[in-house]
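**Q** Take a look at this one; I'll ask things after.
The values are calculated or read from the model by the stated rules, or taken from the named source; none is laboratory data. A quick note: this is a predicted structure, and the numbers were derived from the prediction, not measured. Backbone-built Cβ (ideal geometry, glycine too); neighbour counts: all protein chains shown. Note: accessible area is taken over every heavy atom of the protein model, side chains too, but ligands, DNA and RNA are not part of it. Shrake-Rupley method; radii C 1.70, N 1.55, O 1.52, S 1.80 Å.
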Amino acid sequence: MKANPKSDQSLRTFIISEHFIKVYKEFHPNDQIITLDLYKEGIHFLSQEDINDIFAPKTEASKHHPILKYAYQFLEADKYVFAAPMWNLGIPAILKACIDYITVSGITFKYTEQGAVGLLRGKKAVHIMATGGEYKTPPFSDFEMANRYLKTILGFMGVEDFQTITAQRLDIVGEDVEKIMFTALKEAEEIAKRF
């Protein structure tokens, strides 16, 4: 999932994610890769009608519903790659909107007598993220809600194998941005080989 309206060539998050996908294809040539560019998909905030449809009983026709089709597609995938920068300490709003599309009871999780149970067990995810500041160590790690949210919501749906590739401190004056990006690209290569 790609969540940024700017072109791929100008975005550090996408430079890393495109490199990740390139290496991944080399090491997993038989895997089918589906790219969802959320802006091109026209993801929008849920309307009252959308919510009614999400909570309605699921039928065979549900798989073709303009909103529910994303939850079914997510269910069918084995691996997930999120290319989303940190915006204002969180994920872009369009990615949150898409997560509202895919977090659907009866498709990606269900309720039992013991509470909610994720239905995406055995799947894996990676979040590729660029940030202007440093959010790995206190006190600023307490402000980081982008990666933490993705890991939490995917865990809720049953995805326990979650990795993160980050390029941080990219807007801090005096930082060697080229070195930071080089390190992130090398990390992306290593994770892509075994993802």
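**Q** What number of residues within segment 81-122 are in a loop (DSSP other than H, G, I, E, B), open to solvent by 20 Å² or more (accessible area, probe 1.4 Å) and of a type in the set (Val, Ile, Thr)?
**A** Here the count works out to 2.
**Q** Select from segment 101-137 the residues that are among the hydrophobic types (A, V, I, L, M, F, W, C) and in contact (Cβ under 8 Å) with a residue 60 or more places away in the chain and list them in ascending order.
**A** The answer is 126, 128, 129, 130.
**Q** Now, a different point. Residue 6 - would you say it is surrounded by 11 or more Cβ atoms within 10 Å (Cβ to Cβ), outside any helix (DSSP H, G or I) and touching a Gly at 6+ places or on another chain (Cβ under 9 Å)?
**A** No; evaluated as a whole, the condition is false for this residue.
**Q** How many residues are under 23 Å from residue 105 (Cβ atoms) and part of a loop (DSSP other than H, G, I, E, B) when one looks only at segment 148-195?
**A** 4
**Q** Moving on. Do any residues in segment 71-85 that are touching a residue at least 40 places away in the same chain (Cβ under 8 Å) have Cβ atoms under 6 Å from those of residues that are surrounded by fewer than 17 Cβ atoms within 10 Å (Cβ to Cβ), where the two are at least six apart or on different chains, and which pairs are they?
**A** Going by the 6 Å Cβ cut-off, the qualifying pairs are 79/124.
**Q** For residues in segment 17-45 being closer than 21 Å to residue 96 by Cβ and among the β-branched types (Val, Ile, Thr), which is surrounded by the fewest Cβ atoms within 10 Å (Cβ to Cβ)?
**A** Here the residue is 34.
**Q** Any chance segment 29-51 includes a residue that's polar (S, T, N, Q) and either in contact with a strand residue (DSSP E or B) (Cβ under 8 Å, 6 or more places away or on another chain) or closer than 30 Å to residue 176 by Cα (or both)? Walk me through how you get there before you give the answer.
**A** In the first step, residues of segment 29-51 are kept if they are polar (S, T, N, Q); the result is 30, 32, 35, 47-48.
From the residues that got through so far, the ones that are either in contact with a strand residue (DSSP E or B) (Cβ under 8 Å, 6 or more places away or on another chain) or closer than 30 Å to residue 176 by Cα (or both) too are 35.
There is at least one residue in segment 29-51 that is polar (S, T, N, Q) and either in contact with a strand residue (DSSP E or B) (Cβ under 8 Å, 6 or more places away or on another chain) or closer than 30 Å to residue 176 by Cα (or both).
**Q** State all residues of segment 57-80 that are open to solvent by less than 60 Å² (accessible area, probe 1.4 Å), of a type in the set (Ser, Thr, Tyr) and either modelled with pLDDT under 95 or more than 27 Å from residue 194 (Cβ to Cβ) (or both); if no residue qualifies, say none.
**A** If the condition is that a residue be open to solvent by less than 60 Å² (accessible area, probe 1.4 Å), of a type in the set (Ser, Thr, Tyr) and either modelled with pLDDT under 95 or more than 27 Å from residue 194 (Cβ to Cβ) (or both), then 62, 70, 72 are the ones that fit.
**Q** A follow-up question, please. Just one of (1) within 13 Å of residue 153 (Cβ to Cβ); (2) at pLDDT 95 or above trips up residue 94, so point out which.
**A** Just one mismatch for residue 94, condition (1).
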